[in-house]
Amino acid sequence: MKKLYEGKAKILYSTEDTEVLLTHFKDDATAFNAQKRGTIGQKGKMNCQITVALFQWLESKGIQTHLIEQSADDKILVKRVKIIPIEVVVRNIAAGSLCRQTGLEEGYQLPFPLVEYYFKKDELGDPLLTRDRLFVLELATEEQLKQLQTLALSINQYLQELFASCQITLVDFKLEFGIDTQGQILLADEISPDTCRLWDQNESDPQRRVMDKDRFRRDLGQVETAYQQVQKRILDRLASH
Ligand code: C5P
């Protein structure tokens, strides 16, 4: 196995099959474009397990993903795709950078799901894109952008449904997509408490309800416990499905 790429939370390896790659989920955690670094115990395994469960759930709803199978507690085999350098963020409730940039209050229920596109480029700090900037940079065609939006909104509906049945509110999340050898757009990367904001519906306290990486970003403590809770609720829910 050859290391192809090491990111902040995952390492990508080649395998004997040129069409198949192996993703290793690390315990390393970073925030604010890697200005804050740490580790979260068992994070690699938990995020791997959660991603597999959510991708399989989405596959069952007809969303195509890059997932082939889980090959170890913290490893998955995935189809080789060309990653589209756009981070697609979907928001249901105002939080994070949306509040900072617009002055909306954290917790404000958005009148419709907001789909946003960010340029996946660490050196630039992943800036927010406009539709025209996206076309100028040739990051996607008009047709592909339409597909990304449709996919993002469907994924939001399916995930909201699943999380709600686990007493979790899906505040916002980030998706990445890739293009396979046939030119199809597949959901790629991961969906985990590292890439979502998740609020516990059984807690009204704005700090205690946080079940995602904001616990690490904001030094709220109990990060591992929160991730474990998310994993347990999702796996229990899917096991009884
Ligand atoms: O920081 P911001 O409020 O824009 O993040 C929106 C959502 O996207 C959050 O759930 C965050 O965890 C996720 N995100 C991510 N990776 C990034 C930027 C945001 O997973 N590089």
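All of the numbers you see were taken from the coordinates with simple rules; none came from a lab. What you see is a predicted model; the values in this text were computed from it and never measured. Positions of Cβ are backbone-derived with ideal geometry, glycine not excepted, and every protein chain shown enters the neighbour counts.
Observations on the model:
- The chymotrypsin sites (Phe, Trp or Tyr not before Pro) found in the range 21-70 that occupy coil by DSSP, while having at most 13 further C-beta atoms within 10 Å, are PHE32.
- If you run the Gaussian network model on the chain, springs between alpha carbon atoms under 10 Å, then out of ASP126, ASP17, ASP189 the most flexible one is ASP17.
- Residues of the chain were split at every exposed loop site, defined as GluC sites (Glu not before Pro) in a DSSP loop with at most 15 other C-beta atoms within 10 angstrom, and the longest piece left, sites excluded, is 20-104.
- Overall form of the range 65-196 per C-alpha gyration tensor (a/c, 1.5; a/b vs b/c): oblate
- Packing, as the average of other Cβ atoms within 10 Å across residues, places the peptides 93-99, 232-238 in the order 93-99, 232-238, highest first.
- For the range 64-171, the set of chymotrypsin sites (Phe, Trp or Tyr not before Pro) satisfying both a DSSP loop assignment and a count of at most 13 other C-beta atoms within 10 Å is given as TYR108.
- Prolate/oblate/rounded call for the chain, Cα gyration tensor, a/c under 1.5 rounded: rounded
- GNM on the chain, alpha-carbon springs under 10 angstrom: the most fluctuating residue among LEU77, LEU124, LEU58 is LEU124.
- Charge-dipole axis of the range 1-158 as Lys and Arg at +1 and Asp and Glu at -1 on Cβ define it, positive-most pick from ALA34, VAL89, GLN149: ALA34
- Check: the chain dipole with +1 on Lys, Arg Cβ and -1 on Asp, Glu Cβ, in debye: 340 debye
- In this structure, the amide hydrogen of LYS26, modeled 1.01 Å from its nitrogen in the peptide plane, lies closer than 5 angstrom to those of LYS10, ILE11, counting only residues at least 5 positions away or on a different chain.
- The range 61-129 versus the range 158-233: alpha-carbon centroid distance in Å: 11 Å
- With each label modelled as a point 7 angstrom along the Cα→C-beta vector, the GLN182-GLU69 pair spans 2.0 nm.
- Each residue, GLN222 and GLU138, gets one label point 7 Å from its Cα in the Cβ direction; the gap between the two is 5.1 nm.
- Taking each DSSP H run with n ≥ 4 as -39500 (n - 2.57) and averaging over every residue of the chain yields -10000 deg cm²/dmol at 222 nm.
- Full extension of the chain between LEU153 and GLN201 gives 15.1 nm of extra length, using 0.36 nm per residue less the Cα-Cα distance.
- Given LYS3/LYS213; LYS79/LYS213; LYS2/LYS174; LYS2/LYS213; LYS43/LYS213; LYS75/LYS121, the pairs whose alpha carbons are separated by over 20 Å: LYS3/LYS213; LYS79/LYS213; LYS2/LYS174; LYS2/LYS213; LYS75/LYS121
- GNM top mover of LEU137, LEU186, LEU198 - the chain, alpha-carbon springs below 10 Å: LEU137
- Loop trypsin sites (Lys or Arg not before Pro), the range 25-68, which have at most 14 other Cβ atoms in a 10 Å radius of their Cβ (DSSP): LYS61
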